[in-house]
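A.B. asks: Can you read through this structure? Questions will come right after.
The values are calculated or read from the model by the stated rules, or taken from the named source; none is laboratory data. Please read all numbers here as calculations on a predicted model, not as lab measurements. Cβ coordinates were reconstructed from backbone atoms using ideal geometry, including for glycine residues, and neighbour counts include every protein chain displayed. Note: accessible area is taken over every heavy atom of the protein model, side chains too, but ligands, DNA and RNA are not part of it. Shrake-Rupley method; radii C 1.70, N 1.55, O 1.52, S 1.80 Å.
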Amino acid sequence: MGVMNNLRQNTGVVLWILVFSFGVIWVLQDSQAFDAIGAQPRDIAVVNGEAIPYQEYQQTLEQLRERARQQSDGELTQAQRDQLEEQAYDQLVTTALLEQEMSRLGITVTNAELLDMVYGENPHPIIRQQFADSTGQINYQLLNNFAQNPEAKETWAQIEQYMREQRRQQKMSNIVQATVHVSEADVQNYYERQNTNVDIQYVLQRYASVPNDSVQVSDADLEAYYDENQEDFARERTYSIQYVQQEKLATAQDTQLVREDLRRLKPEFAAADDDSTFLQINASAASYSTEYRTPGDMPADVATAIYSNLQVGEIVGPVFADNAGHLIKIKDTRPADQTFVRARHILLRLGEAADDATVSDVRSRIEALQDSLQQGATFEDLARRHSADGSASEGGDLGWFTRDRMVEPFADAAFAAQPGDIVGPVRTRFGFHLIKVEQKAAEAVRYVDMAYSLDPSPATLNDFQAKLEDIAYFSEDGGDFEQEAQSAGYEVRTVQVEEGARSIPGIGRSASLMRFLSESDEGQISNVYELDDKFILAKVTGITEEGYRPFDEVRNEIRPRVLTEKKKEIVLAQMRGAMNGASLDELADALGTRVRSKEGLNFGTRRVAGLGNDRSIIGVAFGLNEGATSPVMEGQNAAYVVTVTGRTEPAELTEETRQQIRQQLLAQERRQVAQQYISGLRENADITDNRSKLLN
């Protein structure tokens, strides 16, 4: 009461204070004094002091998005949108760097060069495109009229600017790629590497052949390896995060909406004469088809619905399968090549070599289950409680199958029964079965599928996002992130993410989340980020700066490496001792192994038996003359000795092939040089990236 009375008594004073305060605010606003307080950057990036406006980024991004939409003929996924955001940013930064470099090098285009691009012997492609006549010749009268037309002045200036920029860029490209050269020897070597084959014999001894207990690894060994290979344990700045995710799954309400939509369409679908057009008009997720299908060619639940009452002209559904709702119009049937059965079973396992007492016991148990069925128990319930295979959780449902999918005693019993029959006990090599035949199908069906994808609605997605935003809000307002998430029904997961990682374990790719992390502080909670298949909310629980992982953290990683190194030393010593002038056969005998062969070995060979993905043997073999034998070689997983037993040289290189290889190698070299040049510019540039402030 005291506070309220004081306010009433001093109302006039309070009003004057408010008027004065607002007056000060207006003055500050007029003077733009607030612009410097908490102002967001207006530029997406600053490259060596040169700003790239956010608006330019948005325009570039929208152009890329529109092009991508046209190519994909539909909406873009979140992953595609993230990739395009990255592409737009990289494109603008690269363009800015190249423009600065062209200015530094003094690369310009003179008016004479511009005139040559318009009137010269080889006009610029845009001139040919816009001003060529039906014969392909430039219509210079049309061109001159256009260039001199006051109404076209701005457009012509844009064309000139476009040609100037392209010529500047071409000059820049010529400078960068002036060092690219492909010699005759380069062409010949490439051709021979791709077309020469060798036949080899080899003996190998895997390092793993040495027993673990014959090798001693001390702490000193581990520490020495760590010191000598410390760069292997370098790490970028690392973030420890907790996160929750909400998968984009349709809710029961979404399913009901699809069901209602399909029910409304049912009478129209039944009356439609042109089913193909009906599917197109109603945006069916399934395409029109005239194929005849059996249960093996359709979703199991669709097959179950179709064969429950197979009648031509019948409309079946709505039925839900494969993340979609379906209305099925049955058009025709014909005999199938095979009969299909859908059945359930209860399996009590029994080994083939079980003694009589065990067999009798298991038989008694399954007969007791049979008695329970006769007394009214449901097959599905007994299967869930007693069956000993993976179908138990589905009430013993095995789905649809053909005779050749099952072992013979089971198939004989199932295919001899009629729908509704329960047969058994049937003994197979797996044990005793009770089998309930649900359906049989001996006909193939031609049907039209009016389908709607079962995707979460916009309202559902908004609800999902709002739930995660609530967790963030209450966590930041003094709450505990983990507790708030668990209270909302979410599992809290923990993961470590290195700076610059392209993919986050358990989450996948998210450029937005990575940008957040790069600017985050410990304890900070992210925005809700949308991925293709889920929403993500994260909290930074710890930040470890760039450096080396400590020895105690990597001790368990080092031990198997040191163990392998010690085994390698043992194997190499054994092989070198046994080699000492021996033939491959003698070496193999001494090592207790065999001589292996490989014909047609070349640089395209992906795997060599016994060596896996270790392709070092290819280089060794190609460095040997026919009949020569290598010394003991150290491979990734094994030591080996190889002899070249034959060599197939390629045919003589033709001039046409020579030119094709030259152009291929030139293109590769030019791409590589250009990428290296751009990378060098970026490494030496001062780039301020404001995406985390503007895009998150």
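A.B. asks: Take the chain, mark every one of the GluC sites (Glu not before Pro) that falls in a DSSP loop and has at most 10 other Cβ within 10 Å, then report the longest stretch left between them, sites excluded.
C.D. replies: Working: sites that count: Glu75, Glu121, Glu291, Glu352, Glu491, Glu545, Glu652.
That gives 122-290 as the longest site-free run.
A.B. asks: Any idea of Arg576's accessible area? Nearest 10 Å², probe 1.4 Å.
C.D. replies: 130 Å²
A.B. asks: How large is the helix-only mean residue ellipticity at 222 nm for the chain, computed as the sum of -39500 (n - 2.57) over DSSP H runs with n ≥ 4, divided by its residue count, in deg cm²/dmol to the nearest 500? All intermediate terms of the calculation are to be shown ahead of the outcome.
C.D. replies: Numbers: 24 runs with 330 residues, N = 696.
Result for the chain: -15000 deg cm²/dmol, rounded to the nearest 500.
A.B. asks: Hey, another quick one. Can you send over the carbon and sulfur percentage of the accessible area for the chain, probe radius 1.4 Å, protein chains only? Can you show the working numbers first?
C.D. replies: Values: 18030 of 40080 Å².
With neighbouring chains kept in place, the figure for the chain is 45 percent.
A.B. asks: Quick one: Cα centre-to-centre distance for the range 256-279 and the range 468-521, in angstrom?
C.D. replies: The distance from the Cα centre of the range 256-279 to that of the range 468-521 comes to 43 Å.
A.B. asks: Can you give me the Cα centroid spacing of the range 578-596 and the range 369-401 in angstrom?
C.D. replies: So the separation of the two Cα centres works out to 60 Å.
A.B. asks: Check which residues have an amide H placed less than 5 Å from Thr294's amide H, if you skip close sequence neighbours.
C.D. replies: Residues meeting the criterion, in which the H sits 1.01 Å from N, are Val445.
A.B. asks: How big is the charge dipole of the range 134-274 about its Cα centre, in debye rounded to the nearest 20, if each Lys and Arg gets +1 on its Cβ and each Asp and Glu gets -1 on its Cβ?
C.D. replies: Numbers: 14 positive and 24 negative charges, 206 e Å.
In total the dipole reaches around 980 debye.
A.B. asks: Round to the nearest 10 and report in Å² the accessible area of Thr564, as given by a 1.4 Å probe over the protein chains' heavy atoms.
C.D. replies: Answer for Thr564: close to 60 Å² accessible.
A.B. asks: Using the Karplus equation 6.51 cos²θ - 1.76 cosθ + 1.60 (θ = phi - 60°), what ³J(HN,Hα) coupling, rounded to whole Hz, does each residue of the range 391-397 give in order, writing x for Gly and Pro?
C.D. replies: With the stated coefficients, the range 391-397 comes to 7, 4, 5, 9, x, x, 5 Hz.
A.B. asks: Mind checking the dipole of the range 543-646: about its Cα centre, +1 per Lys or Arg Cβ, -1 per Asp or Glu Cβ, Debye to the nearest 20?
C.D. replies: Details: 14 positive and 14 negative charges, 48 e Å.
I would put it at about 240 debye.
A.B. asks: Mind checking which of Ala96, Pro650, Ala621 is farthest towards the positive end of the chain's charge dipole, using Cβ charges of +1 (Lys, Arg) and -1 (Asp, Glu) about the Cα centre?
C.D. replies: Final value for the positive-end residue is Pro650.
A.B. asks: On average, how much accessible surface per residue is there in the range 451-591, in Å², for a 1.4 Å probe, leaving out ligands, DNA and RNA? Show your work: numbers first, answer last.
C.D. replies: Numbers: 7700 Å² over 141 residues.
Roughly 55 Å² per residue, with all protein chains present.
A.B. asks: Taking a cut-off of 16 Å between Cα atoms, list the aspartates and glutamates near Lys171, but don't count ones fewer than 8 places away on the same chain.
C.D. replies: Glu99, Glu101, Glu113, Asp116
A.B. asks: Length gain on complete extension for the stretch Asn139 to Arg594, per 0.36 nm per residue less the alpha carbon to alpha carbon distance?
C.D. replies: Details: separation 455, 0.36 × 455 = 163.80 nm, distance 7.82 nm.
Contour length minus the Cα-Cα distance gives 156.0 nm.
A.B. asks: Order these peptides, 202-210, 103-111, by their mean beta-carbon neighbour count within 10 angstrom, highest first. All intermediate terms of the calculation are to be shown ahead of the outcome.
C.D. replies: Values: 202-210: 21.3, 103-111: 11.3.
The peptides rank, most packed first, as 202-210, 103-111.
A.B. asks: With every protein chain present, what accessible area does Ser308 have (1.4 Å probe, heavy atoms only), rounded to the nearest 10 Å²?
C.D. replies: 80 Å²
A.B. asks: Taking the Cα centre of the chain as origin and charging only Cβ (+1 Lys, Arg; -1 Asp, Glu), how large is the dipole, in debye to the nearest 20? Walk me through the numbers before you get to the answer.
C.D. replies: Details: 69 positive and 109 negative charges, 197 e Å.
Charge dipole of the chain: 940 debye, to the nearest 20.
A.B. asks: If you compute Cα Rg over 2.2 N^0.38 Å for the structure shown, which of (i) 1.40; (ii) 1.06; (iii) 1.25 do you land on?
C.D. replies: Identified label for the calculated read-out: (i).
A.B. asks: Indicate the helices, whole DSSP H runs only, in the chain that combine a mean Kyte-Doolittle hydropathy of 0.0 or more with a Cα extent along their long axis of 18 angstrom or more.
C.D. replies: Numbers: long enough: 11-30 (28 Å, 1.80); 54-72 (26 Å, -2.09); 78-104 (39 Å, -1.03); 153-176 (35 Å, -1.57); 252-271 (29 Å, -0.84); 356-374 (27 Å, -0.47); 458-476 (27 Å, -0.33); 551-579 (41 Å, -0.60); 655-684 (43 Å, -1.43).
Taking the DSSP H segments of the chain (at least 18 Å long, mean hydropathy at least 0.0), we get 11-30.
A.B. asks: For the range 224-241 and the range 643-696, write down the distance between their C-alpha centroids in whole Å.
C.D. replies: Going from one Cα centre to the other spans 30 Å.
A.B. asks: Quick query: amide H of Asn139 versus all other amide H atoms, modeled in the peptide plane; which residues come in under 5 Å with a sequence gap of 5 or more or a different chain?
C.D. replies: Residues meeting the amide H criterion: Ala132, Asp133.
A.B. asks: Between Leu666, Ile471, Gln245, whose Cα lies farthest towards the positive end of the dipole of the chain when Lys and Arg beta carbons carry +1 and Asp and Glu beta carbons carry -1, centred on the Cα centre?
C.D. replies: Leu666
A.B. asks: Can you list residues from other chains, or at least 5 along the same chain, whose modelled amide H is less than 5 Å from the amide H of Ala286?
C.D. replies: The answer is Ala451.
A.B. asks: Near Lys331, which lysines are there with a Cα under 18 Å away, not counting those fewer than 8 places off in the same chain?
C.D. replies: Output for Lys331: Lys266.
A.B. asks: Towards the positive end of the charge dipole of the range 478-563, with charges on Cβ (+1 Lys, Arg; -1 Asp, Glu), say which of Leu517, Leu563, Val492 has the farthest Cα.
C.D. replies: Leu563
A.B. asks: If the cut-off is a Cα-Cα distance under 29 Å, which lysines reach Lys539, setting aside same-chain residues fewer than 8 apart in sequence?
C.D. replies: Lys248, Lys467, Lys693
A.B. asks: While we're looking at this one, here's another question. For the chain, calculate the relative contact order in percent as a whole number, restricting contacts to Cα pairs under 8 Å that are 6 or more residues apart.
C.D. replies: The value is 24 percent.
A.B. asks: Give the accessible surface of the range 342-430 per residue, rounded to a whole number of Å², with probe radius 1.4 Å and ligands, DNA and RNA excluded. Don't skip to the answer; put the middle values down first.
C.D. replies: Details: 4870 Å² over 89 residues.
With all protein chains present, the range 342-430 gives 55 Å² per residue.
A.B. asks: Could you give the accessible area per residue of the range 226-306, probe 1.4 Å, as a whole number in Å²? All intermediate terms of the calculation are to be shown ahead of the outcome.
C.D. replies: Working: 4420 Å² over 81 residues.
Dividing the accessible area of the range 226-306 by its residue count gives 55 Å².
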